[in-house]
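Reading through the structure tokens given below for one structure.
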Amino acid sequence: MTLLKIEDLGVYFNARGRIVKANNGVDLEIEENEILGLIGETGCGKTILGRAIIGLLSENVEIKGKIIYRGENLLTLSEDKMRQIRGKEIGMMLQNPSISLNPVLTVGEQIAEVYRYHEGIGKEEARKKAADMFKLVGIDPKRMDEYPHQFSGGMKQRVMIAIGLALNPRILIADEPTTGLDSSMKKKIVDLTSELVRSRNMSMLLITHDLEVAKRMCDRIAVMYAGELFEIASADKILSKPKHPYTQDLLDSLPRRGLKPIPGASPSLTSLPAGCRFHPRCRYKRDECSEKHPEMIETEGKNHVRCFLYKNDENKG
Ligand code: SF4
């Protein structure tokens, strides 16, 4: 069953007189008990999408479309209502714990504060709950009175998981949860997050540029490029038989697949190419690709692709 449905989402900024089209025509659903990966290169609009869901975009942003959660369009809710949803219904692990954690509060206080703010409970009770969260993410509660700078990168990431899960939300949005971690710590954080999300029957939107992480965690994967979704499919399908030329190139750029760089660079979100946004870099481009904009089409079941190489009801499987 669908838990959260994004319909035709557009997010536009005005940056010194130029319109930044950060998200365009995004349609995406997060199902119950699902870990959905949102992958793409840095700057493609993934983080903006995560922040749009929880209403954490700056005020000079124009948003169109709908984000439906439990029958309500989150984009029409007041800030007061969104504050109740943030953390409680939709949890967030923000990017980069070194910046997201408050350096002048102890890590224990930062988790306890979540309970005090949302549940209005006293200091002692909040501290007990914070200690339980410490245990859950594998940190000795004796370390609750330490400050973020006393924690390693992996430990700080565990604190972020604890904050994201503290109120037992239905959905967790995790933005690049493994950036800056070495490969063994990355694996531990990925496994811990997946285990906690799955054991609590939660859903998760994992925002990452790291395909290996997405492969390890996700049920389905959505691929974003220049503010648009290019392909949505089960993780198995996308990783074994990617349809979109960009997805194929992304996979070929992995070290274990030959580390082939994708030629050219992503377009600026202020001057997007006409037609297919990937056409200047695509090895399969043909005349129509630079003239017409491809629509997202269904290829099989809930899999989708945006490319003229595929037509509705053809090339399924
Ligand atoms: Fe390449 Fe054309 Fe498909 Fe775009 S629509 S990915 S340019 S083949």
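Within segment 60-201, the percentage of alpha carbon pairs spaced more than 25 angstrom apart rounds to 29%. When peptides 172-185, 51-64, 16-29 are ranked by their average number of other Cβ atoms within 10 Å per residue, the highest-first order is 172-185, 16-29, 51-64.
Please give the Cα centre distance for segment 222-279 versus segment 79-121, rounded to the nearest Å. Segment 222-279 and segment 79-121 have Cα centres spaced 34 Å from each other. The Rg/Rh ratio for segment 105-168, using Cα coordinates for both the radius of gyration and the Kirkwood hydrodynamic radius, is 0.93. Note on Ser234/Lys311: beta-carbon distance plugged into 1/(1 + (r/R0)^6) with R0 of 25 Å gives a FRET efficiency of 0.75.
Based on every Cα atom in segment 181-317, Rg and the maximum pairwise Cα distance Dmax equal 16.3, 50 Å. Measuring r between the beta carbons of Ser58 and Leu105 and using R0 = 35 Å, the FRET efficiency lands at 0.90. For segment 1-140, the extents of the C-alpha atoms along the principal axes are 48, 38, 29 Å, listed from largest to smallest. The value of relative contact order for the chain, using C-alpha pairs under 8 Å at least six residues apart, is 19 percent.
Derived from the Cα gyration tensor, the three semi-axes of the equivalent ellipsoid of segment 4-49 are 24, 13, 6 Å, largest first. Give Lys64/Lys243; Lys64/Lys260; Lys88/Lys292; Lys88/Lys142; Lys5/Lys215 a once-over and call out the pairs whose C-alpha atoms are over 32 Å from each other. Violating the 32 Å Cα-Cα cut-off are Lys64/Lys260; Lys88/Lys292.
Using the Cβ of Gly40 as centre and a radius below 14 Å, the other residues enclosed give a net charge of -3, where K and R count +1 and D and E count -1. In degrees between 0 and 90, to the nearest 10, how far off the longest principal axis of the chain does helix 183-199 point, with axes built from Cα atoms? Its long axis makes an angle of about 80 degrees. Take the Cβ atoms of Ser194 and Ser271, set R0 to 30 Å, and the FRET efficiency comes out at 0.20. Which residues does the label zone of Asp182 cover in segment 120-158, counting backbone N under 18 Å from a point 7 Å along Cα→Cβ? From segment 120-158, the list is 151-158. Here the translational diffusion coefficient of segment 249-317 follows from Stokes-Einstein with Rh set to the Kirkwood radius across Cα pairs; for 37 °C and 0.692 mPa s it amounts to 240 µm²/s.
Of interest is the spacing of the C-alpha centroids, which for segment 1-57 and segment 290-306 amounts to 18 Å. The alpha-carbon of Lys188 sits under 14 angstrom from the alpha-carbons of these aspartates and glutamates, leaving out residues fewer than 8 places away in its chain: Glu212. Helical content alone sets the calculated 222 nm signal of the chain at -9000 deg cm²/dmol, taking -39,500 (n - 2.57) per DSSP H segment of four or more residues and averaging over every residue. Normalised by residue count, segment 29-69 yields a Cα convex hull volume of 95 Å³ per residue. Once the cut-off is 32 Å, how many percent of the Cα-Cα pairs in the chain end up in the long-distance tail? Result: 30 percent of Cα pairs exceed 32 Å. Here each label is just a point 7 Å from Cα along the line to Cβ, and for Lys241 and Asp287 those points are 3.2 nm apart.
Read the figures in this text as sums done on the coordinates, not as results from a lab. Predicted model, so just to flag it, every value in this text is computed and none were measured. Note that each Cβ is placed from the backbone with ideal geometry, even for glycine, and that neighbours are counted across all protein chains shown.
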